[in-house]
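The values are calculated or read from the model by the stated rules, or taken from the named source; none is laboratory data. Since the structure is predicted, the reported quantities are computational estimates derived from the model, not experimental observations. Ideal geometry is used to build each Cβ from the backbone, glycine not excepted, and the neighbour counts take in all protein chains shown. Only protein heavy atoms, including side chains, enter the accessible area calculation; ligands, DNA and RNA are left aside. Shrake-Rupley method; radii C 1.70, N 1.55, O 1.52, S 1.80 Å.
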Amino acid sequence: MADAIETKKIYLKVFRFNHETDYLPYYKNYEVVVSQDEVMLDVLNKIKWEFDSTFSYRRSCRHGICGSCGIKVNNRATLACKERVFDMIELFGNEMTIEPQSRKRVIKDMVIDKKDFWDKYNAVKPYMITAVDEHPDSENYMSPHDYENLKEADICVQCGNCYYACPSVEVNEDYLGPASLAKTYRFNFDTRDEAKIDRLDTVNDLGSGIWDCVKCYECAEACPKGVNPIEKITYLHTQTFQEGRAKSNVATRHAVGFKTSINMHGFLDEGMLVAYSEGIGVLKHLPEAFKMFRKGKIAMPWNMPKSKNLDEIKKLIKSSSSAKF
Amino acid sequence: MNENIPIHEYDVVIVGSGIAGCSAARELHRNGKKVAVITKLHPLRSHSGAAQGGINAALSKDDEIDLHMFDTIKGSDYLGDQDAIELMCTKAPETIRWIERMGAAFTRNNDGTIAQRPFGGQSKPRACYAKDRTGLTLLQTIFEQAHRDGVTFFDEWYVSDIIYKEGKVHGVVAYNIRDLEFAIFKSKATMFATGGYGRAFKVNSNAHANTGDALSIVARHGLPLEDMEFVQFHPTGLAGSGILISEAARGEGGKLFNSEGERFMERYAPNKMELAPRDVVSRSIQKEVLEGRGVGPNKDAVFIDLTHLGEKVIMEKLPELRDLALTFLGLDMIKEPILISPTAHYSMGGIPVNIDGKVRKSCSDFVEGFYAAGECSCVSVHGANRLGANSLLEALFFGRHTGESILRDLNDKKLSNPNVVFEDAKRALEEVEKILKSNGSEKIAKIREELQESMTNDAGVFRTKESLLRQQEKLNELKARFENIRIDDKSKVFNTDLQEAIELGHMLDYSFFIVEGALIREESRGAHYREDFPNRDDDKFLKHTIAFMDENGKISTQFLDVALGKFEPQPRTY
């Protein structure tokens with residue numbers, strides 16, 4: 001920390017809307033002086049306390065543990081109380097647009113209706129399921145390794161940043177989304193929980209569950225706590241196979257197709273992978289397949305090259321496989 | 001405003017959804033009672049989740065319940081009630097194991113048992129922890145299990161009054177923050193678990209929500225508050241913001257240095273050093289600063305050095321703390337010392353309750369159907385100074401215990417049926433209406449800022465008769481100005497302008513109690529330090545203050561005996 005506190009001026013364009021009185025949202029401009037030790041929540045407070053007390057937002061703990069104050073700054077998800085203003089200036093310059101996590105869910109200014117978020121949280125049985133000894137004289141034993149295997153999923157504060165940043169949620173309202181799936185991981189990888197299979201059956205339907213993640217990593221970027229939801233979703237993919245709960249559908253066959261192809265050639269056979277995943281549906285891809293074939297991107301099955309280390313690769317697959325298909 | 005207010009009926013209404021509220025709710029719901037929990041946030045946003053360092057229990061073979069009791073009593077500067085302390089410490093191991101069985105993610109020893117770390121004022125490593133986010137895992141767990149069992153939660157509802165008639169509480173009046181629609185919650189039993197009152201101070205570690213609403217709601221009905229002068233200043237708040245750096249930082253080996261590079265705790269607590277209790281360390285830091293040995297841009301902080309722990313230990317045991325110092329100071333504790341100063345942290349005082357959570361009407365009598373637990377209550381297990389990692393224990397244990405006590409009273413038919421009419425909501429409706437119509441000239445934010453600044457300066461770590469009288473005058477001035485506030489937001493939707501005004505009204509009212517208690521208590525004990533009375537005076541003040549406010553805002557004080565026991569008061573040195 002420098003000996004004197006440095007200040008800068010920022011120019012804000014702030015989303016405003018009150019669903020009771022406004023037909024359309026609008027933006028209001030504010031000029032705010034900020035200092036190096038301030039976070040974005042201080043900026044929200046300044047707008048309310050110095051300029052316009054009708055400005056509304058959720059906030060409580062002011063240090064990144066209650067998850068109330070998720071907003072978007074220049075369309076980037078952030079937890080306002082954990083984001084240094086000077087870091088934002090470094091990233092975006094001194095002009096910033098402040099918006100709620102989701103504009104279509106707005107109630108008032110930064111306050112959004114989180115009903116769908118909480119409904120999906122509730123859908124995955126977000127609690128440990130086990131018979132509770134109400135007066136125990138010992139604890140469950142849990143190794144440090146098993147504790148670490150929760151992989152920080154237990155620090156999710158349900159701020160919703162990942163959920164509202166997820167493009168799959170945006171286009172598919174049935175998709176459970178990264179937060180509730182990270183919560184699923186939290187309990188499904190806890191050695192003390194007894195409802196793993198039940199939860200897997202909830203989260204592995206096509207259209208709403210883990211297979212609808214498009215692996216874009218937006219959730220990992222948006223998370224202020226380092227939970228990394230996509231990593232957790234990937235572990236759930238594996239767990240559905242390990243536990244024999246994977247249903248045969250285009251997504252699971254796609255996953256199995258990868259392994260089959262590598263096991264057969266040591267290389268990925270992209271043509272067969274599509275056929276494997278989609279079955280008869282592969283026919284609709286024939287025009288692309290033809291173009292790809294002409295560019296040498298795919299080979300006919302009988303022309304598919306084989307890796308010269310295929311035996312080694314097969315051994316590797318065998319020793320590293322944790323699931324039966 | 002709508003006069004046809006809906007009336008919801010429950011066996012029990014619990015206000016506040018932190019650890020204490022959720023544990024009581026779960027207990028009652030499991031035993032067939034119809035329970036509603038009302039919170040102005042979402043339950044998972046409750047401030048219990050911000051607790052970092054740990055929760056105490058004499059779990060290990062080389063620890064003893066009696067030692068935990070003794071440490072707590074000595075830590076309380078002998079003002080803690082020994083019957084309540086004995087109950088809590090005895091039940092601590094079971095309580096920790098119970099929350100573990102429900103899923104709490106504690107850090108583990110190699111043998112799979114729950115890990116424990118040293119904390120200030122404790123004679124053994126006794127704080128069970130989950131890295132440096134113990135409160136979060138406990139809050140999540142108890143909420144999750146209450147939710148699993150089917151407890152009804154009212155999120156983002158603001159409770160603005162109790163219905164108190166003929167010596168009994170008949171429920172509460174609340175409004176939905178989303179649309180300002182009021183409802184009456186009628187109940188056989190009502191429990192407050194609303195948290196602390198640290199927001200009255202400028203430098204504090206508390207959430208925006210910790211405005212002590214319940215205390216003023218209770219006090220405005222002429223019911224007493226206990227030991228309000230005891231506010232804990234935590235020694236290690238981040239300089240400037242006051243955001244907490246957990247005692248785990250000292251527990252894991254953090255060292256304090258002044259501007260001259262001296263490890264100054266040698267002067268104040270030569271045996272315990274940095275691991276002396278919080279009141280002792282806070283005063284030592286403040287003294288260094290006042291004598292000109294502070295560091296930082298305003299020379300109002302000292303250094304805590306953790307660099308010798310190394311990256312591995314810091315990342316494994318204190319990752320959140322490192323993150324906080326990076327966010328709020330731009331300093332990396334792995335590489336450099338960070339700047340800290342005392343911050344208002346915990347409220348030892350509160351709504352007086354007996355060992356079963358029943359709210360007192362006077363020194364000898366109780367209110368029917370009214371209970372409280374957790375930080376908003378004063379039971380009192382912390383006396384004049386709380387030991388680190390005892391607050392989560394208090395919330396979890398006394399939350400559950402109070403739930404059991406309500407259950408017993410319901411089953412024994414000790415609680416008469418509540419009797420509620422629409423007029424009972426009048427006070428609450430009028431308050432909101434009056435504030436919404438305010439078109440004066442005073443800004444809420446300005447009055448609040450002056451309140452917080454003056455409380456920190458004149459009723460903070462060091463107090464004198466002079467400073468307290470000055471603060472009393474200031475409070476009178478602010479209270480008068482509060483009558484002339486201006487509210488710009490007249491909308492019914494998520495009106496936080498209105499809410500901040502109601503909350504400020506509460507902060508002003510309970511601040512009078514803090515100052516009055518501090519004035520009357522002409523001694524220094526635990527967190528309450530009078531420069532003009534630097535010694536503890538057991539003859540006069542080994543007593544709780546029980547204070548009442550009349551309709552004109554005048555406060556009168558009575559004294560209640562401390563429940564003593566096997567540990568006789570002794571001089572308190574560390």
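Assuming a viscosity of 0.890 mPa s and a temperature of 25 °C, what translational diffusion coefficient in µm² per second does Stokes-Einstein assign to the range B:101-204, Rh being the Kirkwood radius over Cα pairs?
On the way: Rh = 17.7 Å.
This corresponds to a translational diffusion coefficient of 138 µm²/s.
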Give, in whole angstrom and from largest to smallest, the semi-axes √(5λ) of the equivalent ellipsoid of the range A:250-320, with λ running over the eigenvalues of the Cα gyration tensor.
-> 23, 16, 7
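Please tell me which of these pairs span more than 27 angstrom C-alpha to C-alpha: B:Lys131/B:Lys446; B:Lys61/B:Lys317; B:Lys40/B:Lys465?
Values: B:Lys131/B:Lys446 38 Å; B:Lys61/B:Lys317 23 Å; B:Lys40/B:Lys465 37 Å.
From the list (B:Lys131/B:Lys446; B:Lys61/B:Lys317; B:Lys40/B:Lys465), the Cα-Cα distance tops 27 Å for B:Lys131/B:Lys446; B:Lys40/B:Lys465.
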What GluC sites (Glu not before Pro) in the range A:67-121 are in a loop by DSSP, with at most 14 other Cβ atoms within 10 Å of the Cβ?
-> none
In whole Hz, with x marking every Gly and Pro, tabulate ³J(HN,Hα) for the range B:371-377 from phi via Karplus 6.51 cos²θ - 1.76 cosθ + 1.60, θ = phi - 60°.
-> 9, 8, 7, x, 5, 6, 9
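So, counting K/R as plus one and D/E as minus one, what does the shell of residues with Cβ under 14 Å around B:Gly167 add up to? Don't jump to the answer; show the numbers that get you there.
Numbers: positive: B:Lys165, B:Lys168, B:Lys358, B:Arg360, B:Lys361, B:Lys414; negative: B:Glu166, B:Asp365, B:Glu368.
Once positives and negatives cancel, what remains is +3.
Out of the trypsin sites (Lys or Arg not before Pro) in the range B:396-434, which ones are loop residues according to DSSP with at most 16 other C-beta atoms within 10 Å? Write out the running numbers ahead of the final one.
Numbers: sites: B:Arg400, B:Arg408, B:Lys413, B:Lys414, B:Lys426, B:Arg427, B:Lys434; in loops: B:Lys413, B:Lys414.
Counting only loop positions with at most 16 other Cβ atoms within 10 Å, the trypsin sites (Lys or Arg not before Pro) in the range B:396-434 are B:Lys413, B:Lys414.
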Can you tell me the relative contact order of chain B? Whole percent, Cα pairs under 8 Å, sequence separation 6 or more.
-> 21
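Roughly what percent of Cα-Cα pairs across the range B:269-390 reach past 23 Å? Write out the running numbers ahead of the final one.
Working: 3808 of 7381 pairs.
Considering the range B:269-390, 52 percent of its Cα-Cα pairs are separated by more than 23 Å.
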What residue among A:Leu206, A:Leu268, A:Leu283 has the largest mean-square fluctuation in a Gaussian network model of chain A, using Cα springs under 10 Å?
-> A:Leu283
Which value in nm describes the separation of the simple spin-label points at B:Asp532 and A:Lys259, placed 7 Å from the Cα toward the beta carbon?
-> 8.0
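Of all alpha-carbon pairs in the range A:8-112, indicate the percentage at a distance above 19 angstrom. All intermediate terms of the calculation are to be shown ahead of the outcome.
Working: 2017 of 5460 pairs.
Summing the P(r) tail past 19 Å for the range A:8-112 gives 37 percent.
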The range A:210-288: which trypsin sites (Lys or Arg not before Pro) are DSSP loop and have at most 10 other beta-carbon atoms within 10 angstrom?
-> A:Lys215
Under 20 Å from a label point 7 Å along Cα→Cβ of B:Ser556: give me every residue in the range B:349-386 with its amide N that close.
-> B:352, B:360-367
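Semi-axes, largest first, in whole Å: what does sqrt of 5 times each Cα gyration tensor eigenvalue give for chain A? Walk me through the numbers before you get to the answer.
On the way: eigenvalues 377, 148, 79 Å².
Rounded to whole Å, the semi-axes are 43, 27, 20.
Take every DSSP beta bridge with both residues inside the protein assembly as shown and express the antiparallel ones as a percent of the total, to the nearest 5. Mind showing how you got there, number by number?
Numbers: 68 of 96 bridges.
The answer is about 70 percent antiparallel.
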Separation in nanometres of the label points that stand 7 Å from Cα toward Cβ, at B:Asn271 and B:Lys465 | 3.5
Taking amide hydrogens as modeled 1.01 Å from N in the peptide plane, which residues meet the under 5 Å criterion relative to B:Phe154, leaving out close sequence neighbours?
-> B:Val37, B:Ile38, B:Thr39
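Heavy atoms only, probe 1.4 Å: what % of the accessible area of the protein assembly as shown goes to carbon and sulfur, would you let me know? Spell out each step's value before the answer.
Numbers: 16610 of 33720 Å².
Answer for the protein assembly as shown is 49 percent, counting heavy atoms of protein chains only.
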Largest to smallest principal axis extent of the C-alpha atoms in the protein assembly as shown, angstrom = 99, 64, 64
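On average over all directions, what projected area in square nanometres does chain B have, based on the convex hull of its Cα atoms?
The directionally averaged projection comes out at 24.3 nm².
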Provide Rg over Rh for the range B:423-541; use the alpha carbon set for both Rg and the Kirkwood Rh (inverse mean inverse pair distance).
-> 1.10
First select every other residue whose beta carbon is under 13 angstrom from the beta carbon of A:Glu173; then total the charges, Lys and Arg +1, Asp and Glu -1.
-> -1
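Residues with beta-carbon under 9 Å from that of B:Gly350, excluding B:Gly350: net charge, scoring Lys, Arg +1 and Asp, Glu -1? Don't jump to the answer; show the numbers that get you there.
On the way: positive: none; negative: B:Glu226, B:Asp227, B:Glu375.
Summing Lys/Arg as +1 and Asp/Glu as -1 gives -3.
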Determine the total buried accessible area between chain A and chain B, counting protein heavy atoms only with a 1.4 Å probe; round to the nearest 100 Å².
-> 6500
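Please figure out what share of the DSSP beta bridges in chain B is antiparallel and state it in percent, rounded to the nearest 5.
Numbers: 47 of 71 bridges.
DSSP beta bridges in chain B are roughly 65 percent antiparallel.
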Hydropathy first: keep DSSP H helices in chain B averaging at least -0.5 on Kyte-Doolittle, then drop any whose Cα extent along the axis falls short of 20 Å, and list what survives.
-> B:82-101, B:134-149, B:391-411, B:496-520
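Which three numbers, in whole Å and largest first, are the semi-axes of the equivalent ellipsoid of the range B:55-128 derived from its Cα gyration tensor as √(5λ)? Each step should come with its number before you reach the end.
Values: eigenvalues 102, 37, 18 Å².
Equivalent ellipsoid semi-axes, largest first: 23, 14, 9 Å.
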Shape call, the range B:135-266: gyration tensor on alpha carbons, a/c limit 1.5 | prolate
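Is the C-alpha gyration tensor of the range B:395-478 telling us rounded, prolate or oblate? Criteria: a/c under 1.5 is rounded; beyond that, a/b larger than b/c is prolate, otherwise oblate. Don't jump to the answer; show the numbers that get you there.
Numbers: a/c = 3.31, a/b = 1.50, b/c = 2.21.
It is oblate, given that a/c is not under 1.5 and a/b is not larger than b/c.
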Determine the per residue accessible area of the range B:423-541 with all protein chains present and a 1.4 angstrom probe, expressed in square angstrom.
-> 41
Of the listed links B:Lys186/B:Lys426; A:Lys196/A:Lys259; B:Lys202/B:Lys543, those spanning more than 20 angstrom between alpha carbons are A:Lys196/A:Lys259; B:Lys202/B:Lys543
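Taking 1 over the mean of 1/r across every pair of different Cα atoms in the range A:1-47, what Kirkwood radius in Å do you get? Intermediate values should be presented prior to the final figure.
Values: mean 1/r = 0.0795 Å⁻¹.
Averaging 1/r across every pair of different Cα atoms and inverting gives 12.6 Å.
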In the range B:93-111, the residues losing 30 Å² or more of accessible area (1.4 Å probe, heavy atoms of protein chains only) relative to their chain alone are B:Glu94, B:Arg97, B:Trp98, B:Glu100, B:Arg101, B:Gly103, B:Ala105, B:Arg108
Would you rank B:His308, A:His265 by solvent-accessible area, highest first, keeping every protein chain in place and using a 1.4 Å probe?
-> B:His308, A:His265
Normalised contact order of chain A, rounded percent, pairs of Cα under 8 Å and 6 or more residues apart = 13
Once phi is turned into θ = phi - 60°, what whole-Hz ³J(HN,Hα) does the Karplus curve with 6.51, -1.76 and 1.60 give for every residue of the range B:557-567, x standing for Gly and Pro?
-> 10, 10, 10, 10, 5, 6, 6, 8, x, 6, 9
